[in-house]
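Shown below is the structure under consideration.
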Amino acid sequence: MNTVSFPGLGIGAFKIRAEAFSIGGLSVRWYALCICLGLLVAFFYCEKKAKFFEIEDNDFLDLVLWGVPAGLIGARLGYVLMDLKSFRSFKDVISVWNGGLSIYGGLITAVIVLVIACRIKKVDIRNVLDLAVLGFLIGQMIGRLGNFFNIEVYGVQTNLPWRMGIGINSISSFVHPLFLYEILWNLVGFVLILAFLDRRKFRGEVFLWYTAWYGCGRAFMEGLRDPEFQLMAGSVRINQLIAAVLAAAAIALWIYFRFFKTSVHFDAGETEKNMTLKELRELHKTEQFEKQNEAYEAQFESEMQEEASVTEDELSMKHIMDAIEETDDGKEE
């Protein structure tokens, strides 16, 4: 059995199993459970957020049925194509539970399929991508935990305080825990996106944020991986190049659409569904205030009418009493 440790953090070696449990002859691995959990959490979170991105419930479900299988297939194919020599049979290719998914393979495939689906459903692909990347981040954070149980996605050897010790087949080494780096990087990215979501100026902006953020982090982390486990083109790391190019392109596009192509920004006259979350809250607060103010005015007017009615009744009664008194005085005379 393999072992893992974090000696710089005071965590000694402990045994780790790739298998979570087995049912009969079926082995269920932690990696598969992490991927499934990531998909479920991402689904329910995005379902709650769909309205904000102008996506109806029925359209959301249809797009999930298109995008998720396409993303998983693309992620696996991307991984296989980068290391063909390690796959000797079709069974090896489909053995996803052993690990091996390419983030960019899944992302590119999912985007292509979603573009087609959105054209059929007549849904704005930019809104779909803005929502989808929130799901990507959640799925990546949880899914990367599966790499920990498989003892994979680690970097070159290091002596840093947070180094991870791995013991595989009695061979020990201390390496960069890249899976942990990516989890933390994605967590920070997710928090930042939520913090700046109210400042979203155009459809597709969140997708550019994600592409730039993840690309920058991935390009850095790929530089820490052992070239032995990478697809190389001479001295160029293919995954690092892809990450860097996509990040640079996303940053350039964001600057262009944010500061120069302002015609794509949300207009002040657009309907409520196109407003940012902050604007919606302000609008709802204003509407609630106006409704309360109208209710107060109606209540005040009603009370004034009641008081006026009471006053008229009192005056009428006074006149009647005065008339009776005058009549009585006349009789006594």
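Every number in this text was worked out from the coordinates using simple rules, so none of it is lab data. From a predicted model like this one, the values you see are computed outputs, not experimental measurements. Positions of Cβ are generated from backbone atoms using ideal geometry, with glycine treated the same way; all protein chains shown enter the neighbour counts.
At 7 Å along Cα-to-Cβ for each site, give me the label-to-label distance between LYS85 and LEU194 in nm.
4.4 nm
Rounded to whole Å, give me the distance from the Cα center of region 106-173 to that of region 1-65.
11 Å
Let me ask you something else. Which of the pairs LYS49/LYS91; LYS48/LYS261; LYS48/LYS91; LYS15/LYS91; LYS122/LYS261; LYS122/LYS201 have their Cα atoms more than 26 Å apart in this structure? It would help to have the intermediate numbers written out before the result.
Details: LYS49/LYS91 38 Å; LYS48/LYS261 30 Å; LYS48/LYS91 37 Å; LYS15/LYS91 28 Å; LYS122/LYS261 24 Å; LYS122/LYS201 22 Å.
From the list (LYS49/LYS91; LYS48/LYS261; LYS48/LYS91; LYS15/LYS91; LYS122/LYS261; LYS122/LYS201), the Cα-Cα distance tops 26 Å for LYS49/LYS91; LYS48/LYS261; LYS48/LYS91; LYS15/LYS91.
Given a Förster distance of 41 Å, report the FRET efficiency between ILE112 and THR3 from their Cβ-Cβ distance, rounded to the nearest 0.05. Present the calculation step by step, with values, prior to reporting the outcome.
Working: r = 41 Å, r/R0 = 1.01.
Approximately 0.50, to the nearest 0.05.
Going by average Cβ neighbours within 10 Å, how do the peptides 110-117, 220-227, 9-16 rank, with the highest at the top? Could you put the intermediate results ahead of the total?
Details: 110-117: 17.4, 220-227: 15.5, 9-16: 10.9.
With the highest mean Cβ count within 10 Å placed first, the list reads 110-117, 220-227, 9-16.
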